[in-house]
Amino acid sequence: MLANRAANHELMKSSIGSAPAIVRVAPGSTQKAVSEYEVRIGPGLLRDLPVLVRKATGVSRFALIADTNVAEIYAAEVLEVLQTAGLATEVFVFPAGEMHKSRETWMELSDRLLTARFGRDSAVLAFGGGVAGDLAGFVAATYMRGLPLVQIPTSLLAMIDSSVGGKTGVDTPAGKNLIGAFHQPRLVVADTDTLASLPTAELRSGLAEAVKHGAIADADYFRWIAASTDPLLAVDASAMSRLIRRSVEIKAGVVGADEREQGQRKMLNFGHTIGHAVEALSRFELLHGEAIAIGMVIEAAIGQALGVTRPGSAAALASVLGAIGLPTALPARFDPAEVVELSRLDKKARAGRVEYALIEELGVASPGTGSFGTPVPDEAVLDALVASRPDSPP
Ligand SMILES: NC(=O)c1ccc[n+]([C@@H]2O[C@H](COP(=O)([O-])OP(=O)(O)OC[C@H]3O[C@@H](n4cnc5c(N)ncnc54)[C@H](O)[C@@H]3O)[C@@H](O)[C@H]2O)c1
Ligand SMILES: [Zn+2]
C-alpha cells in the first residue's frame, strides 16, 4: 500500500523545527525528466522567494496573480521582497471567490499579461488558495503555449491538495473544473505563516482533506491527526508543518504513480462523490471540506453496508471530523433522494453506474473492481444517507 510505514515513523518522531521540509514530487513517468519539482514547507518562506523562484524558473520577470483577499494582506510584502532582489514583478489581482474561477477571469488576466507585454521569458506565480492556483495555473498553462509556474499556496487546502498534482482550470456554468489543463509547477512554496490569517472555517475545511489522506493511505497519520486536533486548530507551526508534509507526501505518492487519473489517483475521490452532490445541493453554502466530511462518513457507511469497509470506520471518521468542527451527517434540510440524484451526475459515473472510491479500513483504500472504483447501487446510497440523519432511528 501507499503508506510507507518506516518513513511515516520517522516523520512522527522527527521534530521539524524551523528548517523547511522539502518533499520531492515526481509526476507520472511520461514527464519525469521535465517535471520533477519540490514542495517546500515551513515558516517564513515568502522571504526566500527571490532565490527560490529564480532558481526554479530561470527567468527574471514574474506575474504574481492573487485574489483580492490574499493580495490585500500579502501582495505589498511579497512584491517588495521580489523587487528588492531585482526581480521584475507585477501583481495581477482578481476578485476572490469560486465564481471568479471562470473563463472570463482567465481571459481578463491573459489580456492584462499581453498588454503588459509579458513574453516567454517570464513566469507566473500563483499566490493564494486553490482558486488562485487553478486559475493562475491555467493562465500559465495556456499563455503563449505555456509559461513556467510556481505555486505559492496560502490556504491549507491549497497547501495539501490543489497546489500538488498539476491540475489547473476554470469552472463553467455546466460544472466545476470542466475546462483545464495539466500543467506541473516548477516549485511549490508553502509558507505556513500565511495560515495565521486564514479564516477558521477554511482551516477546518482544509483539515478534512488531510483526514482523507490518512483514511486512504496511512492509519498512523489518521490517528496522529485525531490526537492533534487542538494544536492543528491553533495553527501550531510544528503540527501544521508535519501535517502539510505528510499530506503532500501522500498526494504526491498517488499522483506520481498516476499522473492522469487512470487508476490510483481515483482513491483521492474518497468522500467526494457524495461530497460533491451535497456541495452542489447546498448551492455552495457548505465549504468543500464540510461537504466532503459528510461525504467521507456516508461513503464509509456505504462501504460497511456493502461489506467492503471494516465496521467502525464511519464512526471513527465522524469522531475526528467532529472534533475538528466539521459536519458528519446530512443536514436535515437536504433531501437524501436529491443527493442520490446529484451523485449520479458525478463524472466518475461509468455507463450509468456510479463508481465510488471506498476504503477497506482506515489507512487502506479499496482497490475496488481493479482501478480503485466500486460500483454502488443507488439504494445503498439512499440507505446510508437516511441512516446518517440525526433524527433517524438507531
Ligand atoms: N487543482 C487541484 O488538484 C485541486 C484540488 C482540490 C481543489 N481544487 C480547487 O481549489 C479551490 C478551492 O480552494 P480553496 O479552498 O483554497 O479556495 P479559495 O482559493 O477560494 O480560498 C478560500 C478563501 O480563503 C481566502 N484565503 C486564502 N488564503 C488566505 C490566507 N492565507 N489568509 C486569508 N485569506 C486567505 C481566499 O481569498 C478565499 O476567500 C476550488 O476551486 C477547487 O476546485 C483544485
Ligand atoms: Zn477535495
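The values are calculated or read from the model by the stated rules, or taken from the named source; none is laboratory data. This one's a predicted model, so the numbers in the text were calculated from it and none came from an experiment. Every residue, glycine as well, gets a Cβ built from its backbone with ideal geometry; the counts of neighbours run over all protein chains shown.
Against the list (1) in contact with a Pro (Cβ under 9 Å, 6 or more places away or on another chain); (2) within 16 Å of ligand 1 (Cβ to nearest atom); (3) at pLDDT below 90, the condition residue 353 fails is (2). The residue pairs whose first member lies in the stretch 84-106 and is more than 14 Å from residue 65 (Cα to Cα), whose second member is surrounded by fewer than 17 Cβ atoms within 10 Å (Cβ to Cβ) and of a type in the set (Asp, Glu), and whose beta carbons are closer than 8 Å, counting only pairs six or more residues apart or on different chains, do not exist in this structure. Of the listed requirements (1) within 11 Å of ligand 1 (Cβ to nearest atom); (2) at pLDDT below 95; (3) within 14 Å of residue 268 (Cβ to Cβ); (4) of a type outside the set (Phe, Trp, Tyr), residue 176 misses just one: (3). Does residue 35 count as over 30 Å from residue 279 (Cβ atoms), under 27 Å from the mean Cα position of the chain (by Cα) and surrounded by 13 or more Cβ atoms within 10 Å (Cβ to Cβ)? Against the criterion (over 30 Å from residue 279 (Cβ atoms), under 27 Å from the mean Cα position of the chain (by Cα) and surrounded by 13 or more Cβ atoms within 10 Å (Cβ to Cβ)), residue 35 qualifies. The set of residues from the stretch 196-253 being of a type in the set (Val, Ile, Thr) and assigned to a loop (DSSP other than H, G, I, E, B) comprises just one member, 235. Restrict the check to the stretch 125-134 and report whether at least one residue is within 8 Å of ligand 1 (Cβ to nearest atom) and β-branched (Val, Ile, Thr). Yes, there is a match, as at least one residue in the stretch 125-134 is within 8 Å of ligand 1 (Cβ to nearest atom) and β-branched (Val, Ile, Thr).
With a requirement of 1 or more residues that are of a type in the set (Val, Ile, Thr) and surrounded by 21 or more Cβ atoms within 10 Å (Cβ to Cβ), the strands (runs of 3 or more DSSP E) lying completely within the stretch 106-187 that satisfy it span 122-128, 149-153, 167-172. Taken together, 320, 248, 235 contain a single residue that is of a type in the set (Val, Ile, Thr), more than 13 Å from ligand 1 (Cβ to nearest atom) and out of contact with any His (no Cβ under 6 Å at 6 or more places or on another chain), which is 320.
Going by the conditions given, is residue 297 over 14 Å from residue 376 (Cα atoms), over 17 Å from the mean Cα position of the chain (by Cα) and within 13 Å of ligand 2 (Cβ to nearest atom)? So residue 297 fails the test.
When residue 48 is tested against (1) acidic (Asp, Glu); (2) more than 30 Å from residue 219 (Cα to Cα); (3) modelled with pLDDT under 50, just one condition goes unmet, and that condition is (3).
Selection within the stretch 195-253: residues that are free of Cβ contacts under 8 Å to residues at least 40 places away in the same chain and aliphatic (A, V, I, L, M). The member of this set that is nearest to residue 299 (Cα to Cα) is 227. Every test in (1) within 19 Å of residue 367 (Cα to Cα); (2) buried (at least 23 other Cβ atoms within 10 Å of the Cβ); (3) within 16 Å of ligand 2 (Cβ to nearest atom) is passed by residue 218 save one, and that test is (3). When 125, 156 are screened for being under 23 Å from residue 76 (Cα atoms), in contact with a strand residue (DSSP E or B) (Cβ under 8 Å, 6 or more places away or on another chain) and modelled with pLDDT of 95 or more, only 125 passes.
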